[in-house]
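Student: Got a structure here, written out as structure tokens. Questions coming.
The values are calculated or read from the model by the stated rules, or taken from the named source; none is laboratory data. Keep in mind the model is a prediction, meaning the values are calculated, not measured. All Cβ positions, glycine included, derive from the backbone under ideal geometry; neighbour counts span all protein chains shown.
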């Protein structure tokens, strides 16, 4: 049922590129999480994610259903984008320096981990605004409680309470998603 719905959206996007936004919304979190885990640099992950969706939109007319979902096609594009990124970085490194990187092919575990992070991202976006700002500040931007308190014009105790409530909500929602 979900695959049939997605196939219909893909076909509509092939006729009208404006419909690609639905595919982007549906798959962004998963692609971004996959890339972010492999490059571990937020700016690079954002750039590569943008490249993946740009590539997908540009090549959408050639996409054909061959038994694999559209998301698998995007993940293959993402894996190639990450591999190209590392290859480019290696070429710019001085001779003899070792640059650690991961292989291009996505493993089942990596895809599952990316899905898990994508679910978490969706739950974070659904938090009340102040809780969301605290969680993003603390765990994405790695800011201190004091820095966030100053930004929000709140006491450190209030920020700690917002963080506690947000984490409790996320634990509950993530637990419900696995039940």
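Student: I'd like to verify a number: residues in the stretch 30-66 that are under 19 Å from residue 5 (Cα atoms) and in contact with a helix residue (DSSP H, G or I) (Cβ under 7 Å, 6 or more places away or on another chain), how many?
Tutor: 7
Student: Given 52, 82, which one is more than 23 Å from residue 125 (Cα to Cα) and modelled with pLDDT of 90 or more?
Tutor: Details: 52 fails: more than 23 Å from residue 125 (Cα to Cα).
Sole residue among the options that is more than 23 Å from residue 125 (Cα to Cα) and modelled with pLDDT of 90 or more: 82.
Student: Just to be sure before I move on: is residue 66 more than 18 Å from the chain's Cα centre (by Cα), free of Cβ contacts under 8 Å to residues at least 40 places away in the same chain and not in a helix (DSSP H, G or I) in the structure I sent? Lay out the reasoning, then the answer.
Tutor: On the way: more than 18 Å from the chain's Cα centre (by Cα): yes; free of Cβ contacts under 8 Å to residues at least 40 places away in the same chain: yes; not in a helix (DSSP H, G or I): yes.
When the stated conditions are applied, residue 66 passes them.
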